[in-house]
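Worksheet: one structure, shown below.
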Amino acid sequence: MDALQQALDQLATGQEQEIYKAKLALQGILGEATKPGNEELRAKVAAKLSEAVINGGKYGVAARSEIARRLGEVGKDAEATTLRSLIADLELREPARFALDRIPTPAATEALVEAAQNAIGSRFRAGVMNALGQRQGKGVLEALVEGTKDPNMIVRLAAAEALAEQADPACDPVIVAILEDKTMPVDERGRARIMKGRIRLVGNLIRENKKVEAKKICQSILAAGPAPAQAKAAQARLDEIG
Amino acid sequence: MSEPSGTSRRSFLKRSAAGLAVAPTIIPATAFASADRPAPSDRVVIGCIGTGDLGRRHHLASMLLPNKRVEVAAVCDVDQTRRDQAAIDVYNKTQKKVGIYEDYRDLCDRTDIDAVLIATPDHWHALTSRYAMEAGKDVYCEKPLTLTIDEGKKLVATARTYGTVFQTGSQQRSDPRFRKACELVRNGYIGELKTVDTHIGGGTVGEWKPVATPPPELNWDFYVGPAPYKDYCPNRVHYEFRWVSDFSGGKMTDWGAHHNDIAQWGIGADGSGPVKVQAQGKFSDTGPFDTVLDFDITYTYGNGVVLTCHAQGENGVKFTGTNGWIFVSRGKIEASNREILKTEFKTSDTRLYKSNHHHNNWLDCIQTRERPICDVEIGHRSCTICHLGNIALKAGRPLEWDPVKEDFVNDEFASRLVRKPMRAPWQV
């Protein structure tokens, strides 16, 4: 753990050449700690990184951002809880989101769901929607559905694209509803993004062998008069389904 | 004006021309083919995304502008000087003004453009390619195709959904020497293939330079795009991006996407890959560049063939079998026995996809709708080899890879490195 402390201290110097050396050292330490069977070492390393990012006033924002991102490579549930506490920190929330995105545990999912619901900042919430799009589950789905009603279009569209990754036919009407909300008109590029998302949803449904549902969505897309590329893709999918 | 549903610009032009042929209308001469210039309906209208050194000098100036089958209609770069210079190049060659864009989405949204040629920094390849495909464009994307394995999987899926003709810029596939080497290997003329050694050169240490205000012509935030934000520094931009791990995979993906691609071709592993990877390497002790300097990466395939990718050694690919070896590079092809190179292939031999011009192969396929020689999946799988090497270097341990699931076996933490989160709002 001395090597880890030394790397953290180097990060804290704020000098680029020292930071480079620290990152290189961290790479070796994390590689060792994440070897299958090295759970005890992994837990120690992760705990020390967590402590540095939470109580690390002396490290500064740049160093703590780097440490937070590294937690994405080594963290589990305990570290996801640490990262969750950083979501309210305007300077550290983005590296925290990057890290949570990489941690595949339930606590990380819960942290992202909470961020989707409560975090301030449309661009940040859009990033959270993107992260949730990589995950499955009831909580994820609910957060994404809620995201389609966000007061910011950037978040709504990110939520729609994330829903398209869910391979759940119930997502389609939720995605389409964004277009039908008269209180917040969708511009041409946004409409195109939604249609592209629906095509992706069709692909995911076919992969999950939900062909009947996929067929209905294709027919709905074609009826909506999409751009030529989406019309061609929807027709090709219909032909594929038969 | 929007196009009729499902109608491409070229098919629309063909139909319109047929209609006009019986109408009393004056048709411009440029609408018809001449001996040295195809009719507009047979020309491919292209937009160039990324007009830096490679995009402008190689693709635009050497490959597209002299090609009579091509009409360049737009250029795009986040550096105003570079995009304007590219537009000037087009004007000087064709006396035509082109659309000039900072944002690739504006270029891709044009309905009169058939295809795009992408030569951005690596961290933009997947985003621009996917957007273009979903806008109905055919794509030529420079190698290395992606920054992560996950990006490649998504590009393959998108290309299949949209029926995109997608050429990856690993142009050695269109070099007769490399094809001949692979055909000799694939048909057993060096016996049973045992090992492949690729020599791709090492990385660069670089020189520390202070962060600075970005030059006014460069939209630095857009340049960084999906990568974690970092301040502008002259050694993080343009050619040097390839040594910065947030933007590129270093020499491993740069030249690895050439020679490991040939290794995959010779092994017969297109659409698949190795099952094990083990890496030894050295990074700079001092920085600033953080991609690997020196390395030997060993990949084991399911059939027992071992590929080793080296930084050191003469640039090229060496196939070694039970009865001999073949070495091939851009300048030469050699064999343990010269007679091997004089082989007349038998009709029963496996012959590989033949292309002698990478760009023309892409243009041919745009017409025929067939897959080009370095289709997106081939590019993705070859790039995966390079990414596996970088991940194994980072992990510092042997890794098992499942080329069907495209994930690591029993290594949760290595699996996390298959994709990288992106800075919002970007997402592939």
Kindly provide the pair-distance distribution of region A:166-213 built from C-alpha pairs, with 10 Å bins from 0 and whole-percent values in order of increasing distance. 27, 47, 22, 4
Have a look at region A:88-121 and report residues whose accessible surface goes down by 20 Å² or more when the remaining protein chains are included, against the chain on its own, probe 1.4 Å, ligands and DNA/RNA excluded. A:94, A:97, A:98, A:101, A:102, A:104
Can you compute the charge dipole magnitude of region A:46-178 about its Cα centre, using +1 on each Lys and Arg Cβ and -1 on each Asp and Glu Cβ, nothing else charged? Give it in debye, rounded to the nearest 20. 360
Sequence neighbours fewer than 8 away in the same chain don't count; with that in mind, list the aspartates and glutamates whose C-alpha is under 19 Å from residue B:143. B:53, B:77, B:122, B:151, B:175, B:240, B:246, B:254, B:261, B:270, B:375, B:377
Area buried, chain B against chain A - accessible surface, total, 1.4 angstrom probe, square angstrom: 4000
Compute the signed sum of charges (Lys and Arg +1, Asp and Glu -1) over the other residues within less than 11 Å, Cβ to Cβ, of residue B:89. +4
Suppose a student asked you for the relative contact order of chain A, using Cα pairs under 8 Å spaced at least 6 residues apart; what percent would you report? 10
Quick one: Karplus J couplings for region B:99-112, per residue in order, coefficients 6.51, -1.76, 1.60, θ = phi - 60°, nearest Hz, x for Gly and Pro? x, 10, 10, 8, 9, 4, 5, 5, 5, 5, 6, 5, 7, 8
What residues does region A:197-220 have that are buried by at least 30 Å² of accessible area in the full protein assembly compared to the chain on its own, 1.4 angstrom probe? A:200
Per residue, how much space in cubic angstrom lies within the convex hull of the C-alpha atoms of region B:353-428? 155
How big is the charge dipole of region A:1-120 about its Cα centre, in debye rounded to the nearest 20, if each Lys and Arg gets +1 on its Cβ and each Asp and Glu gets -1 on its Cβ? 100
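If the viscosity is 1.567 mPa s and the temperature 4 °C, what Stokes-Einstein diffusion coefficient in µm²/s follows for the protein assembly as shown when Rh is the Kirkwood radius over Cα pairs?
49
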For region B:235-350, with the dipole built from +1 on Lys and Arg beta-carbon atoms and -1 on Asp and Glu ones, taken about the Cα centre, which of B:253, B:322, B:241 lies farthest toward the positive end? B:322
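Work out the mean other chain Cβ neighbour count within 10 Å for the residues of A:30-39 and drop it here as an integer.
4
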Mean-position separation - Cα centroids, region B:94-110 and region A:27-78, in angstrom: 45
Summing -39500 (n - 2.57) over every DSSP H run of at least 4 in chain A, dividing by its residue total and rounding to the nearest 500, the 222 nm mean residue ellipticity is -23500 deg cm²/dmol
Given a Förster distance of 51 angstrom, what is the FRET efficiency for residue B:103 paired with residue B:192, based on the Cβ-Cβ distance and rounded to 0.05? 0.45
Label-point separation in nm, residue B:208 to residue A:91, each point 7 Å along Cα→Cβ: 2.3
Which FRET efficiency value, to the nearest 0.05, is calculated for residue A:170 and residue A:78 with the Förster distance at 22 angstrom and r the Cβ-Cβ distance? 0.05
How much net charge surrounds residue A:2 when only the other residues with a Cβ under 13 Å from the Cβ of residue A:2 are counted, with Lys and Arg +1 and Asp and Glu -1? +1
Using a 1.4 angstrom probe, figure out how much accessible area chain B has per residue, in square angstrom, rounded to the nearest whole. 40
So, for the Cα atoms of region A:47-166, Rg and Dmax in Å stand at 13.7, 43
Give the Kirkwood hydrodynamic radius (Å, one decimal) of region A:152-242, defined as one over the mean of 1/r across all pairs of different Cα atoms. 12.9
Mind scanning B:97/B:137; A:182/A:211; B:96/B:137; A:149/A:196; B:230/B:251; B:97/B:251 and naming the pairs with a C-alpha gap bigger than 26 Å? A:182/A:211; B:97/B:251
Label model pair residue B:369, residue B:349: point-to-point distance (7 angstrom along the Cα→beta-carbon line) in nm is 3.5
Which value in nm describes the separation of the simple spin-label points at residue B:112 and residue B:303, placed 7 Å from the Cα toward the beta carbon? 5.0
Could you tell me the ratio Rg/Rh of chain A? Both radii from Cα atoms, Rh via Kirkwood. 1.09
How long is region B:142-256 along each principal axis, judged by its Cα atoms, biggest number first, in Å? 58, 39, 23
Mean accessible area per residue over chain A (1.4 angstrom probe, all protein chains present, square angstrom) is 43
Efficiency of FRET between residue A:9 and residue B:404 - r from beta-carbon atoms, R0 45 angstrom, step 0.05: 0.50
Per DSSP H run of n ≥ 4, the term is -39500 (n - 2.57); total these for chain B, divide by its residue number, and report the mean residue ellipticity at 222 nm rounded to 500 deg cm²/dmol. -8500 deg cm²/dmol
Dipole of the protein assembly as shown, Cα-centred, from +1 at each Lys and Arg C-beta and -1 at each Asp and Glu C-beta, to the nearest 20 debye? 1600
Share of accessible surface on carbon and sulfur in the protein assembly as shown, whole %, 1.4 Å probe and ligands ignored, is 51
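Please give the contour-minus-distance gain from residue A:40 to residue A:61: 0.36 nm per residue of separation, less the Cα-Cα distance, rounded to one decimal in nm.
Working it through step by step, the gained length comes to 4.7 nm.
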Gain upon complete extension [residue A:114, residue A:47; 0.36 nm per residue less C-alpha separation]: 21.9 nm
Which net charge results when you count Lys and Arg as +1 and Asp and Glu as -1 among the other residues whose beta-carbon is under 13 Å from that of residue A:45? -1
Where both partners of a DSSP beta bridge lie in the protein assembly as shown, what percent of those bridges are antiparallel, to the nearest 5? 55
Selected from B:279, B:347, B:422, residue furthest toward positive end of dipole (chain B; charges at beta carbon): B:347
Kindly tabulate the residues in region B:381-404 with an accessible-area decrease of at least 50 Å² between the chain alone and the assembly of all protein chains, using a probe of 1.4 Å. B:394, B:397
Among B:194/B:332; B:194/B:276; A:76/B:282; B:153/B:405; B:318/B:342; A:21/B:209, the pairs whose Cα-Cα distance exceeds 20 Å are B:194/B:332; A:76/B:282
Compare the Cα positions of A:175, A:137, A:241 along the charge dipole of chain A (+1 at Cβ of Lys, Arg; -1 at Cβ of Asp, Glu; about the Cα centre) and return the one farthest towards the positive end. A:241
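The values are calculated or read from the model by the stated rules, or taken from the named source; none is laboratory data. What you are looking at is a predicted structure, and each value in this text was computed from that prediction instead of being measured. Glycine gets a Cβ as well: all are built from the backbone with ideal geometry, and neighbour counts include every protein chain shown. The area values use the complete protein model at the heavy-atom level, side chains included, leaving out ligands, DNA and RNA. Shrake-Rupley method; radii C 1.70, N 1.55, O 1.52, S 1.80 Å.
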